[in-house]
Amino acid sequence: MSTVNRETPRPAAGRAGIKKELPDHFKDYRHVWVFIELERGHVHSVSFELLGEGRKLADKLEVQLAGVVLGPPGEAIGNAIAEAFAYGADIVYIVEAPLLADYRNEPYTKAMTDLVATHKPEILLLGATTLGRDLAGSVATTLQTGLTADCTELDVDTDGSLAATRPTFGGSLLCTIYTLNYRPQMATVRPRVMPMPQRADKPVGRVIQHKLSITEDEIVTKVLGFLPDSQSATANLAYADVVVAGGLGLGAAENLQLVKNLARAIGAEYGCSRPLVQKGWVSADRQIGQTGKTIRPKLYIAAGISGAIQHRVGVEGADLIVAINADPNAPIFDFAHLGIVTDAIRFLPALTEAFTRRLSPHNRDKLAS
Amino acid sequence: MHIVICIKQVPDSAQIRVHPVTNTIMRQGVPTIINPYDLFALEEALRLRDAYGGEVTVLTMGPPMAEDALRKALGYGADRAVLLTDRYFAGSDTLATSFALSQAIAKVGETYGAPDIVFAGKQTIDGDTAQVGPGIAKRLDLLQLTYVAKIASIDLAAREIKVERRSEGGTQMLKSRLPCLITMLEGTNEIRRGSIEDALGAARSGVLKWSAADAGIEDLTRCGLRGSPTVVKRVFAPAARAEKAVQIDTAEKTLRDTADELMAAIFTRQPALEHELAFNSGA
Ligand SMILES: Cc1cc2nc3c(=O)[nH]c(=O)nc-3n(C[C@H](O)[C@H](O)[C@H](O)COP(=O)(O)OP(=O)(O)OC[C@H]3O[C@@H](n4cnc5c(N)ncnc54)[C@H](O)[C@@H]3O)c2cc1C
Ligand SMILES: Cc1cc2nc3c(=O)[nH]c(=O)nc-3n(C[C@H](O)[C@H](O)[C@H](O)COP(=O)(O)OP(=O)(O)OC[C@H]3O[C@@H](n4cnc5c(N)ncnc54)[C@H](O)[C@@H]3O)c2cc1C
């Protein structure tokens, strides 16, 4: 029911019940905030991507861009602050407390909602990571405001409201969502959907400290331990410069080796389409697409992948898309830059060989000189 | 133990088509399914009931036809089904949805016993926001445990629960307390085949249909379109890329020549790449 109305919205005029005038108590909400996701000493790159987008929004609105850093005292928080400025923040808000060492919903929600209530931003952006999604939902509910998920485009409307565009139904359509009468306007963006902005060393600017008004005794959930993922390149797929992926066209699990061989030869990460995960040929963290990873490599080679919309939305940010597919009418050729209609099982070894020859140490020395 | 599990009926998005002219979703004839992510939560709920005793109540908010989804859930072995349906709920965003659902859960609790655990799916395949679970937790003041990969233990007497939670780059081991809200990660289990008795029971037993008033909702301004801070202003098709892929011709060429030609085309388009690959590959 909820969806029925939303998918076929009546024209804006039909929503007569919605007045456009922002209630007075929200009128002093200003500035754009980006949540800087610091976990176990490491800032998630999505935060920098968001600072890039936040900068553009703040410039259009002629307001300031702030980074929000929550974390335990130590070197990491200092680095996070410096990086926030280097990626474009004008101010940084911090809440520094030992009990923010591991992410937990209760203290993080408390810290963020208190900050918002005190300093009143008009826009708050978070990464759509497991941490960001967990936090954003609680913060928006506490603040009783709108939250637009997984945006692919953020812009400012002529009247200054945030126009947040997101895919619907796996990317077959896009919709633009507004949070008209509430503040802050909140949105999440998945890693790698926005380009990484230029980093420029800048002096650390204004840092505003805020106290955490919750104590360990008040927090029910305790972290008993943390098991990092095995070294496997899981996290690297989204951020790899070169990715080779295989789909159902590979025909059999063992043919995945052909994809891995090519990936190894060119120093790439390998990935796959969803059916290979469902068949258990590949682990879920290698899936590329709407319900997997979004990638943004310089080169993406897809072998035996048809190019369904749910796959396409995860790879469109690649600089160069190369498709190897037996079917000349495969949809992937509609968005790939280079295509070859051939049997991937025969062709992949040939391509691996071609690269190996070209990139051999001998040729490498020639390149270097 | 009383467990409430929230499920959503969604269109089978593998079969969704978009109207070429109006750009609207063509729902006619599109079959609906239980949101696939919710089945992992449902199975977990049923397993806990089987292990600890008690009851599983399934809850959905949706149009009258969402009853199908509830019947399916009863067929898998749920004990009770509640359909929250009212025209006031039309157009709900996640804030309004979690408001209505949390009111209904409170009512379920009053009527059949307060839930120890409320389950939700990780996300849906249509709205796909993953916001409703956290919304319910916040409103009902339940401890929020999202992306749970495994429930390691439950101590009903001590009201204690230990879970493994997926987080960025690893797994958190958490100790928390009941009542809590859990969103289950996909792939953590497989939904059972319902028994014959459950199938018969599902056909026989009634699905409870609650209006907003039945769920004890007094403030209708917090429901549906009116209670939704987000407004969908525009729906449109993504811009198509103008040109198709440049094809590498394979006719009358050896595999080796074709491969060389494709590689050359790649390096022509991305000249900087050759250096990078050479040094990354470390062949
Ligand atoms: C809610 C939802 C979410 C989804 N999320 C994702 C997602 O995140 N990622 C994703 O990838 N999919 C996703 N999907 C699935 C998606 O719709 C497609 O089904 C899937 O991407 C198809 O995978 P494929 O291209 O490998 O297989 P197919 O569509 O079966 O394509 C196989 C291709 O291989 C070609 N082929 C066959 N033999 C050969 C050969 N010898 N050599 C070369 N080519 C050959 C065929 O011509 C065909 O084009 C999702 C679906 C739904 C409903
Ligand atoms: C294309 C599209 C885009 C949208 N974008 C946004 C947006 O950006 N922000 C926003 O606030 N709203 C948005 N909405 C509205 C939102 O989808 C609805 O509010 C919907 O009722 C719940 O959100 P969800 O499908 O994203 O659920 P999720 O939050 O992804 O669902 C998580 C879990 O909550 C439970 N659940 C969700 N809905 C129900 C239900 N009706 N009954 C029982 N249990 C349920 C299920 O267990 C489910 O697995 C969008 C809707 C559509 C169709």
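The values are calculated or read from the model by the stated rules, or taken from the named source; none is laboratory data. Please read these numbers as outputs of a predicted model, since none were measured by experiment. We place every Cβ from the backbone using ideal geometry, glycine too, and count neighbours over all the protein chains shown. When the accessible area is computed, the model is the full protein with side chains, heavy atoms only, and any ligands, DNA or RNA have been set aside. Shrake-Rupley method; radii C 1.70, N 1.55, O 1.52, S 1.80 Å.
If I filter the stretch A:256-267 for residues that are farther than 25 Å from residue B:244 by Cβ, of a type outside the set (Phe, Trp, Tyr) and within 9 Å of ligand 1 (Cβ to nearest atom), do I get at least one hit?
No, because not a single residue in the stretch A:256-267 is farther than 25 Å from residue B:244 by Cβ, of a type outside the set (Phe, Trp, Tyr) and within 9 Å of ligand 1 (Cβ to nearest atom).
Results for (1) within 11 Å of chain B (Cβ to nearest Cβ); (2) among the polar types (S, T, N, Q); (3) closer than 22 Å to residue B:239 by Cβ, shown as yes or no for each residue.
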position: A:258; (1), (2), (3): no, no, no
position: A:265; (1), (2), (3): yes, no, no
position: A:273; (1), (2), (3): no, yes, no
position: A:282; (1), (2), (3): no, no, no
position: A:296; (1), (2), (3): no, no, yes
position: A:303; (1), (2), (3): no, no, no
position: A:327; (1), (2), (3): no, no, no
position: A:355; (1), (2), (3): yes, no, no
position: A:359; (1), (2), (3): yes, no, no
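Within the stretch B:57-69, is there a residue that is open to solvent by less than 30 Å² (accessible area, probe 1.4 Å), in the same structural domain as residue B:129 (by TED's automatic domain parsing), modelled with pLDDT under 95 and not in a strand (DSSP E or B)? Don't jump to the end; show me each part of the working.
At the first step, the residues of the stretch B:57-69 found to be open to solvent by less than 30 Å² (accessible area, probe 1.4 Å) are B:57-62, B:66, B:69.
Add one more test, that the residue is in the same structural domain as residue B:129 (by TED's automatic domain parsing), and what stays is B:57-62, B:66, B:69.
Now narrow it down to the ones that are modelled with pLDDT under 95: none.
Looking through the stretch B:57-69, none of the residues is open to solvent by less than 30 Å² (accessible area, probe 1.4 Å), in the same structural domain as residue B:129 (by TED's automatic domain parsing), modelled with pLDDT under 95 and not in a strand (DSSP E or B).
If only one of A:341, A:322 is within 8 Å of chain B (Cβ to nearest Cβ), near ligand 1 (Cβ under 9 Å from one of its atoms) and at pLDDT 95 or above, which one is it?
The match here is A:341.
Per-residue answers, yes or no, for (1) facing another protein chain (nearest Cβ under 7 Å); (2) of a type in the set (D, E, K, R):
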position	(1), (2)
B:226	yes, yes
B:239	no, no
B:263	yes, no
B:268	no, no
B:275	yes, no
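Quick one: which helices (runs of 4 or more DSSP H) sit completely within the stretch A:63-161 and have at least 3 residues that are in contact (Cβ under 8 Å) with a residue 24 or more places away in the chain, more than 14 Å from chain B (Cβ to nearest Cβ) and of a type outside the set (S, T, N, Q)?
Details: elements: A:75-86, A:105-119, A:130-143.
Qualifying helices (runs of 4 or more DSSP H): A:75-86, A:105-119.
To keep it simple, each residue is scored yes or no on (1) over 26 Å from residue A:95 (Cβ atoms); (2) polar (S, T, N, Q); (3) open to solvent by 20 Å² or more (accessible area, probe 1.4 Å); (4) in contact with a His (Cβ under 6 Å, 6 or more places away or on another chain).
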site	(1), (2), (3), (4)
A:121	no, no, no, yes
A:132	no, no, no, no
A:156	yes, no, yes, no
A:163	yes, no, no, no
A:175	yes, no, no, no
A:185	no, yes, no, no
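Hey, can you tell me all the residues within the stretch B:1-34 that are modelled with pLDDT under 95, closer than 24 Å to residue B:207 by Cβ and of a type in the set (S, T, N, Q)?
B:32
Tell me which residues, restricted to the stretch B:201-240, are of a type in the set (Phe, Trp, Tyr) and touching a Cys at 6+ places or on another chain (Cβ under 8 Å).
At the first step, the residues of the stretch B:201-240 found to be of a type in the set (Phe, Trp, Tyr) are B:210, B:236.
Correct list: B:236 only.
Return the residue satisfying two criteria in turn: it lies in the stretch B:72-85 and is at negative phi and either outside any helix (DSSP H, G or I) or within 9 Å of ligand 2 (Cβ to nearest atom) (or both), and of such residues it is nearest to the other protein chains (Cβ to nearest Cβ).
Restricting to residues being at negative phi and either outside any helix (DSSP H, G or I) or within 9 Å of ligand 2 (Cβ to nearest atom) (or both), the top hit is B:85.
Restricting the search to the stretch A:16-51, which residues are away from chain B (no Cβ under 14 Å) and open to solvent by less than 10 Å² (accessible area, probe 1.4 Å)?
A:32, A:33, A:34, A:49, A:50, A:51
Tell me, please, whether a residue that is buried (at least 18 other Cβ atoms within 10 Å of the Cβ), away from ligand 2 (no atom under 11 Å from the Cβ) and under 27 Å from residue B:187 (Cα atoms) can be found in the stretch B:34-44.
Yes, the conditions are met somewhere in the stretch B:34-44.
Rundown of residues vs (1) of a type in the set (Gly, Ala, Ser); (2) assigned to a helix (DSSP H, G or I), yes/no style:
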{"residue": "A:187", "(1), (2)": "yes, no"}
{"residue": "A:191", "(1), (2)": "no, no"}
{"residue": "A:194", "(1), (2)": "no, no"}
{"residue": "A:197", "(1), (2)": "no, no"}
{"residue": "A:202", "(1), (2)": "no, no"}
{"residue": "A:208", "(1), (2)": "no, no"}
{"residue": "A:213", "(1), (2)": "yes, no"}
{"residue": "A:217", "(1), (2)": "no, yes"}
{"residue": "A:224", "(1), (2)": "no, no"}
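Among the residues of the stretch A:274-311, write down those that are open to solvent by 10 Å² or more (accessible area, probe 1.4 Å) and within 6 Å of ligand 1 (Cβ to nearest atom).
A:274, A:275, A:287, A:290, A:291, A:292, A:304, A:306, A:308, A:310, A:311
For the stretch B:107-119, which positions are outside any helix (DSSP H, G or I) and crowded, with 19+ Cβ neighbours inside 10 Å? Break it down stepwise before answering.
Going residue by residue through the stretch B:107-119, those that are outside any helix (DSSP H, G or I) are B:113-119.
Result: B:115, B:116, B:117, B:118, B:119.
Under the condition of being among the charged types (D, E, K, R) and more than 8 Å from every other protein chain (Cβ to nearest Cβ), which residue from the stretch B:120-146 is surrounded by the most Cβ atoms within 10 Å (Cβ to Cβ)?
Out of the qualifying residues, it is B:122.
Inside the stretch B:73-87, can you point out the residues that are within 14 Å of residue B:108 (Cβ to Cβ) and open to solvent by 30 Å² or more (accessible area, probe 1.4 Å)?
B:79, B:80
Given the options A:279, A:260, A:202, A:211, name the one that is of a type in the set (Lys, Arg), outside the structural domain of residue A:344 (by TED's automatic domain parsing) and farther than 30 Å from residue A:142 by Cα.
A:202
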